[in-house]
1. Every residue in region 148-177 that is of a type in the set (S, T, N, Q) and either within 9 Å of the ligand (Cβ to nearest atom) or closer than 23 Å to Ala208 by Cβ (or both), please.
2. Within 16 Å of the ligand (Cβ to nearest atom), in contact with a Phe, Trp or Tyr (Cβ under 6 Å, 6 or more places away or on another chain) and either more than 30 Å from His251 (Cα to Cα) or outside any helix (DSSP H, G or I) (or both): which single residue out of Leu233, Leu130, Leu195, Leu180 fits that description?
3. Just wondering, is there one or more residues in region 44-58 that are touching a residue at least 40 places away in the same chain (Cβ under 8 Å) and away from the ligand (no atom under 16 Å from the Cβ)?
4. Would you please name the residue that is farthest from Glu46 (Cα to Cα), looking only at residues in region 74-101 that are outside any helix (DSSP H, G or I) and touching a Pro at 6+ places or on another chain (Cβ under 9 Å)?
5. How about region 21-43: which of its residues are under 14 Å from Gly132 (Cα atoms), touching a strand residue (DSSP E or B) at 6+ places or on another chain (Cβ under 9 Å) and outside any loop (DSSP other than H, G, I, E, B)?
6. Does Ala205 satisfy being within 14 Å of the ligand (Cβ to nearest atom), assigned to a helix (DSSP H, G or I) and either touching a residue at least 60 places away in the same chain (Cβ under 8 Å) or of a type in the set (Val, Ile, Thr) (or both)?
7. Any idea which residue in region 234-255 is surrounded by the most Cβ atoms within 10 Å (Cβ to Cβ), counting only those that are over 13 Å from Met1 (Cα atoms) and among the hydrophobic types (A, V, I, L, M, F, W, C)?
8. Could you grab me the full set of residues in region 211-225 that are within 16 Å of the ligand (Cβ to nearest atom) and either under 17 Å from the mean Cα position of the chain (by Cα) or buried (at least 23 other Cβ atoms within 10 Å of the Cβ) (or both)?
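FYI, it's all coordinate maths here, none of it is from the lab. No experiment lies behind these values; they were computed from the predicted model shown. Glycine gets a Cβ as well: all are built from the backbone with ideal geometry, and neighbour counts include every protein chain shown.
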Amino acid sequence: MKVLIYKTAEEVKAQAARRLLMSVQRTPQSVLGLATGGTMEDVYAELVKQTHRHAASWAQVTTFNLDEYWGIPIDSPASYRTYMNHHLFNHINVDLDATHIPPSEGENPDLAAAQYEARISGAGGIDLQLLGIGVNGHIGFNEPTSSLASKTRLKTLTQSTRDANRRFFDTMEQVPRYALTVGIGTIMASEECLLVATGSSKAPAVQAMIEGPLAASCPASALQMHQKVTVMLDEDAARDLELRSYYQLVHPDGQESAVSDG
Ligand code: F6R
């Protein structure tokens, strides 16, 4: 795992956007796995700026989002489809038909999940998967005790996740109880992962993910078994890391080193 620590959240987000854009520029037909949430709002704002600055084209890119709330209309202001259109897709030349987000409603969530999984495989799998992390260690909406081999499915959200996402809704009652999320096994099948975390509220989950035991109680710890993961942190999110000075020795100021230590 490559752990890159930057002084500020702004630097983290600019570097994450740079890494995503590099993928698009190097491989115009990239298949990107995308995330939502507060952290990604600034990553996408920066990505839009950098896309325009470098006149980069997204015309051939395919995207798959990690998750969508279950039980709200897809065009609801709080849906992740609305979020993605608003923060990213409306500002770049991506083909909207090539942007995939799990459905938010339907008769048969199991079938919808299997179809989403098949669509990802049909596209040849994810080249680069962008991830955030929940304060409880979730990735996507794979809440603690999720199977580390799970595929796309309906998950019940924990109270901690519903509390954290309360800010995107008018009332607590409106916060959905379920989400359709890709599984940890799906995430593990991606070629490469880029996880971004900022702020001290994420410090315990980040420490458990990187240095804790591999355990379903911290779903993000499954990434210890992935061959190619880069974690971008600001100083606050890196606060609890016991081997922090080692990560800073290997990658001073978050610089990539010549040694490709995974
Ligand atoms: C959302 C997702 C979640 C978030 C996580 C962090 O698509 O995959 O795992 O990345 O909940 O969210 P924020 O950035 O709001 O703290």
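1. Residues satisfying the conditions are Ser150, Thr156, Thr158, Gln159, Ser160, Thr161, Asn165.
2. Just a single option satisfies the conditions, and that option is Leu180.
3. Yes, region 44-58 contains a residue that is touching a residue at least 40 places away in the same chain (Cβ under 8 Å) and away from the ligand (no atom under 16 Å from the Cβ).
4. So, considering only residues that are outside any helix (DSSP H, G or I) and touching a Pro at 6+ places or on another chain (Cβ under 9 Å), the one farthest from Glu46 (Cα to Cα) is Ile74.
5. Within region 21-43, Gly33, Leu34, Thr39, Met40, Val43 qualify.
6. yes
7. Ala237
8. Passing the criteria: Cys218, Pro219, Ala220, Ser221, Ala222, Leu223.
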